[in-house]
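So the structure is just underneath, and the comments pick up after that.
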Amino acid sequence: MLVARSRNRDLADDLAQEVMMDAICALRRGQLREPSKLTPFVLAIARNVLNSHYRARRASPSRWNSPTICPIFAPMPTLW
């Protein structure tokens, strides 16, 4: 599911580790009420982790807008 939605195998592998950690922690806290619904429970966590990843990426400024990376965004020097 992560590979299909992210279209990036490396990103999906990284997020899968986070999903497993979140799922294990949620199981230890007793958040799964019906053991027969484990698969949908983990898939929901995966969906939330992927959405959070994209939200965080959208919220952080692009590194290309930084004056140190891309000088066209640096302030213009005053000539007079």
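Where in the chain are there helices (runs of 4 or more DSSP H), lying fully within it, with 2 or more residues that are of a type outside the set (Lys, Arg), at pLDDT 95 or above and in contact with a His (Cβ under 9 Å, 6 or more places away or on another chain)? Please lay out each step first, then the result.
Details: elements: 2-6, 9-28, 38-59.
Once the helices (runs of 4 or more DSSP H) in the chain are filtered for at least 2 residues that are of a type outside the set (Lys, Arg), at pLDDT 95 or above and in contact with a His (Cβ under 9 Å, 6 or more places away or on another chain), what remains is 9-28.
Does any residue in the range 31-55 that is under 15 Å from Val3 (Cα atoms) come within less than 9 Å, Cβ to Cβ, of a residue that is assigned to a loop (DSSP other than H, G, I, E, B) six or more places away or on a different chain, and which pairs are these?
Note: pairs meeting the criteria are Leu43/Met1; Ala46/Met1; Arg47/Met1; Leu50/Met1.
The values are calculated or read from the model by the stated rules, or taken from the named source; none is laboratory data. Everything quoted here is computed from the prediction, not taken from an experiment. Because the Cβ atoms are built from the backbone with ideal geometry, glycine has one as well, and the counts that use them run over all protein chains shown.
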